[in-house]
Amino acid sequence: MEIRLIAFGVAKDIMAGSTLTIQIEEGATISTLKDHLVEIYPEFNKLAHLDFAIKEEYVSDETQLNVLDEVIIIPPVSGG
Amino acid sequence: MEIRLIAFGVAKDIMAGSTLTIQIEEGATISTLKDHLVEIYPEFNKLAHLDFAIKEEYVSDETQLNVLDEVIIIPPVSGG
Amino acid sequence: MEVLIDLVEQDIDIETLYQWVLSPEAGSIVAFTGTVRNNSSNKSVTRLEFEAYLPMAKKELRKIVDKISADYDIIRVAIQHRIGILPVGGVAVYIAVATPHRAEGFTVCKYIIDTLKKTVPIWKKEVFEDGEVWVSANP
Amino acid sequence: MEVLIDLVEQDIDIETLYQWVLSPEAGSIVAFTGTVRNNSSNKSVTRLEFEAYLPMAKKELRKIVDKISADYDIIRVAIQHRIGILPVGGVAVYIAVATPHRAEGFTVCKYIIDTLKKTVPIWKKEVFEDGEVWVSANP
């Protein structure tokens with residue numbers, strides 16, 4: 001299935017763009033997605049941590065992805 | 001010897017005035033002065049505590065008084 | 001409790017926010033201003049750039065306020081965070097908390113800024129004369 | 001460290017004091033405002049009256065700043081306390097602390113107001129509709 005990714009901060013630089021649509025197996029979790037991302041962009045491994053959000057809420061590694069999900073890539077935040 | 005007292009806050013109300021000159025024995029300490037004050041104005045006993053200052057600095061109970069000293073009576077402070 | 005939360009592209013108007021939190025029931029206003037320092041890691045900072053995932057950032061800020069207000073008596077709280085480009089000295093964030101008493105004001109204000117820096121999707125890029133870096137990205 | 005300490009008979013000008021503490025080396029300004037609440041011990045407050053032993057009050061405030069600045073890196077601190085008559089909502093005290101980082105700003109600002117309330121010779125009288133009381137006088 002297709003998942004749309006939206007990146008912010010350093011993630012945008014790593015992916016050289018703020019959006020990306022990737023193919024991922026049905027029933028994949030955030031954890032699977034993270035593995036895919038690190039494979040495509042090894043730079044993600046250098047971050048202190050990497051979080052994700054769906055529908056404006058943080059999601060855990062175990063969260064299952066659904067087709068049409070828009071997944072936000074959240075590198076370490078640094079507001080304030 | 002004569003000691004001049006200057007009162008603030010509730011001490012002023014207790015003494016019904018902001019200044020008072022009292023007679024006290026040579027070599028008396030702040031502690032002696034406090035006893036005198038409580039004797040004249042028993043209301044001072046009702047305060048949470050009573051402090052004194054000479055030359056704009058807090059003094060301890062053991063501080064000896066000197067003639068011409070101007071002693072500030074400092075009831076519990078409540079700034080802020 | 002009344003809450004004002006916003007992310008803004010223009011300069012933060014501290015005076016207006018401060019006036020907004022005032023209330024006759026409040027005895028204490030504790031306010032935090034985060035400004036752009038002229039140096040970071042001993043390098044001279046030229047400017048900052050903030051970006052945010054706006055709708056989620058507002059939601060997360062509201063969650064912070066709701067969480068702390070369960071434990072402390074808050075009368076009003078205003079939080080405004082700047083996004084976009086900021087020069088040295090610019091105000092990145094302003095948080096003002098009005099409470100009946102001061103102890104809770106310090107606790108609440110500190111909790112909000114500390115938690116903001118951990119959970120709210122806002123990212124800061126420091127721009128130096130010879131390069132730039134996304135803050136906190138690397139361990 | 002630059003320090004501004006004053007006791008004033010006119011309204012405290014928060015905006016001017018806030019501007020005064022700003023510095024390009026500071027990343028944090030923590031400010032405390034103590035205002036007159038409309039009630040105390042469940043009684044309706046009409047106004048407050050502050051009196052101070054002025055020269056000593058200034059000295060004690062300076063001692064507080066000197067003591068805490070031995071342990072924390074302070075860039076600027078402004079402390080202004082109102083004396084005389086204040087209506088409900090009036091500003092009794094304003095303390096603004098500029099530091100490189102925020103954690104020390106909260107600690108320093110809270111230390112100053114907490115210690116001010118214990119050591120600085122300033123006295124507050126609360127005036128109610130049916131009487132008045134010197135605050136903290138009795139246990």
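If we scan region C:90-98, do we find a residue that is more than 14 Å from C:Val3 (Cα to Cα), in contact with a Phe, Trp or Tyr (Cβ under 6 Å, 6 or more places away or on another chain), modelled with pLDDT of 95 or more and surrounded by 15 or more Cβ atoms within 10 Å (Cβ to Cβ)? No. The lone criterion from (1) without any contact (Cβ under 8 Å) to a residue 60 or more places away in the chain; (2) under 17 Å from C:Pro55 (Cα atoms); (3) loosely packed, with under 15 Cβ neighbours inside 10 Å left unmet by A:Asn45 is number (2). Only residues that are out of contact with any Pro (no Cβ under 6 Å at 6 or more places or on another chain), within 22 Å of D:Arg47 (Cα to Cα) and not charged (D, E, K, R) were counted in region D:80-106, giving 13. For region C:115-139, the set of residues classified as more than 16 Å from A:Ser78 (Cβ to Cβ) and acidic (Asp, Glu) consists of C:Glu129, C:Asp130, listed by residue number. Does D:Ala57 fit the bill of being closer than 30 Å to C:Lys117 by Cα, in contact with a strand residue (DSSP E or B) (Cβ under 7 Å, 6 or more places away or on another chain) and crowded, with 22+ Cβ neighbours inside 10 Å? Taking the combined requirement at face value, the residue does not satisfy it. Just to check your reading of the model, which residue among D:Ile95, D:Ile112, D:Ile83 is closer than 17 Å to B:Gly79 by Cβ, in contact with a Cys (Cβ under 7 Å, 6 or more places away or on another chain) and within 10 Å of chain B (Cβ to nearest Cβ)? Criteria check complete, one pass: D:Ile95. With respect to being within 8 Å of another protein chain (Cβ to nearest Cβ) and either buried (at least 20 other Cβ atoms within 10 Å of the Cβ) or in contact (Cβ under 8 Å) with a residue 12 or more places away in the chain (or both), C:Val45 falls outside the description.
Checked against the criteria, C:Thr33 counts as outside any loop (DSSP other than H, G, I, E, B), hydroxyl-bearing (Ser, Thr, Tyr), buried (at least 21 other Cβ atoms within 10 Å of the Cβ) and within 18 Å of the chain's Cα centre (by Cα).
When D:Val65 is tested against (1) in contact (Cβ under 8 Å) with a residue 24 or more places away in the chain; (2) outside any strand (DSSP E or B); (3) within 14 Å of chain C (Cβ to nearest Cβ), only condition (3) is not met.
The values are calculated or read from the model by the stated rules, or taken from the named source; none is laboratory data. On a predicted model such as this, the values are computed, not experimentally measured, just so you know. Counting neighbours? That spans all protein chains shown, and the Cβs are built from the backbone with ideal geometry, glycine included.
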